[in-house]
Amino acid sequence: MEDVKDDDMKNHSILILDDDESIRDLLEIYLSEKYKIVKSASGFYALELITSQKIDLVLVDVNMPDMSGLEFIEQARIVEPDIAYIVISGNRDIDTAIEALHSGVWDFIQKPFGDMNSLDKIIRTALDKRELILENRRYKKNLEKMVQERTSELEKKNQELLLSRNRIVGILSRAAEFRDYETGQHFIRVSKYSGIIASGLKMDNYEADLIRQAAPVHDIGKIGIPERILLKQGKLTETEYEIMQKHCEYGEQILQSQSLENLNIPLNTVIPEGYNTDDLLTTAANIAKYHHERIDGSGYPLGLTGNDIPIEAKIVAIADVYDALGSVRSYKDAWSEKECLDYIIQNSGIHFDREVVEVFLNNIDQIQAIKLAHVDKEESHLIIGVI
Ligand SMILES: [Fe+2]
Ligand SMILES: [Fe+2]
């Protein structure tokens, strides 16, 4: 930091606070060439002055009748901590002046003023130091602002990244709908039911959100199933059913993120701490692969049992079956709500995980409200096909 130049000095205001008029005048004569000067004989009035106008430095007498110099500084520093306070002391109160240096006073000047150059030097040094402190503070503030701006920029980019990732998964589930016209709003309902169950299982918001976002792609593998089987009216033959079951593995293959490594697309975005680029795809792949597994091992494609089945798949399994039972399919009518719930309860611990069933039933009001809000309309198949 360079010294404050003479030209700039006139921009600085100095308050002379002394009950002795001759001292005030003497200092004013000497200093007014270089600084704007304000004078006061009273500490109380000086307190008003420092808050009502710009003051950079106060020269304050130690001994004054209405308020001592130190009392003034104590109160003044509370309202204007950035002003440079310099004490003027006589020989008798030099100890008080030195003591004042420990309580926030910047420097002291002794009366009578012998060499005015040293007074000038003390004032310049104090103003330089003050400028440096203020400059430093401005710099820090600016830096904090810049960091804040960058952080919110990064957060915004992150949100955009997450949003576009979610949209891509949404696009995938819509692609599946194009081939499976029959299922109407099934994907939306299964997604919402799954989110409610995940939250009910005390998963944190992020995990519950992953499951809610990944649930609609549980049947993405149906893309690989021939239309004559996928859209067949009536019951499937054993061979057709075996082919149909393959949709779980096809789904996993489509969603496996490792398979994308071959694409070798460089990722220039820095992934923030706590985020994993693969978590949504991994969750979706697990759901696609294991949503037809059953707790007792009688499901497909692997016949896994109990906790070998990922929790996201257990959740979607119940959401998917509950919704399919209550909907019309080419091979069946819609079951009544009571029949659907009876099936879920009877299959707790057999087809479905007991804890997941419990949470499902505890949240049945919310689930039924979603069912009502997303009823399949007859023409909805067409709408989905056209969007
Ligand atoms: Fe399925
Ligand atoms: Fe489904």
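Where a number appears in this text, it was derived from the coordinates with a stated rule and is not lab data. Bear in mind the structure is a predicted one, so any value in this text is a computation, not a measurement. Heads up, the Cβs are rebuilt from the backbone with ideal geometry, glycines too, and the neighbour counts pull from every protein chain shown.
Candidate cross-link partners of Lys232 among the lysines, defined by an alpha-carbon separation under 20 Å and a same-chain spacing of 8 or more, comprise Lys222, Lys246, Lys332. Helix 279-290 axis versus longest C-alpha principal axis of the chain: approximately 20°, rounded to the nearest ten. Starting from the Cα of Glu337, step 7 Å toward the Cβ, then list every residue of the stretch 189-226 with an amide N under 20 Å from that point. So the set is 189-197. Nearest 10 degrees, 0 to 90: what angle lies between the long axis of helix 43-52 and the longest principal axis of the chain (Cα atoms)? Approximately 50 degrees, to the nearest ten.
Above 31 Å lies some portion of the pair distances; for the chain, what is it as a whole percent of all C-alpha pairs? In whole percent, the share of Cα-Cα pairs in the chain beyond 31 Å is 57.
Remark: spin-label model distance Ala373-Ser164 equals 3.0 nm, labels positioned 7 Å along the Cα→Cβ axis.
Largest GNM mean-square fluctuation among Asn363, Asn117, Asn136, using the chain with Cα springs under 10 Å: Asn117. In sequence order, the stretch 12-28 has phi-based couplings of 8, 10, 10, 9, 9, 10, 7, 6, 8, 4, 5, 5, 4, 5, 4, 5, 5 Hz under the Karplus curve 6.51 cos²θ - 1.76 cosθ + 1.60, θ = phi - 60°, and Gly or Pro positions carry x.
With both residues required to sit in the chain, DSSP beta bridges show an antiparallel share near 10%. For the chain, a Gaussian network of Cα nodes joined below 10 Å ranks Asp365, Asp95, Asp296 by mean-square fluctuation, and the top entry is Asp95.
Its convex hull of Cα atoms gives the stretch 34-143 a direction-averaged projected area, equal to a quarter of the hull surface, of 7.4 nm². Within the straight-line cut-off of under 17 Å between alpha carbons, the lysines reachable from Lys54 are Lys10, Lys34, Lys36, Lys39, sequence neighbours fewer than 8 places apart in one chain being disregarded. Could you give the angle, 0 to 90 degrees to the nearest 10, between helix 364-373's Cα long axis and the longest principal axis of the Cα atoms of the chain? The angle comes out at about 80 degrees. The distance from the alpha carbon centre of the stretch 193-232 to that of the stretch 346-370 is 16 Å, rounded to a whole number. Reachable aspartates and glutamates from Lys129, Cα under 13 Å, same-chain residues fewer than 8 places away excluded? Hits, sequence-local ones excluded: Glu2, Asp3, Asp56, Asp82, Asp107.
Helix-only arithmetic for the chain: the sum of -39500 (n - 2.57) across DSSP H runs with n ≥ 4, divided by the residue total, places the mean residue ellipticity at 222 nm at -17500 deg cm²/dmol.
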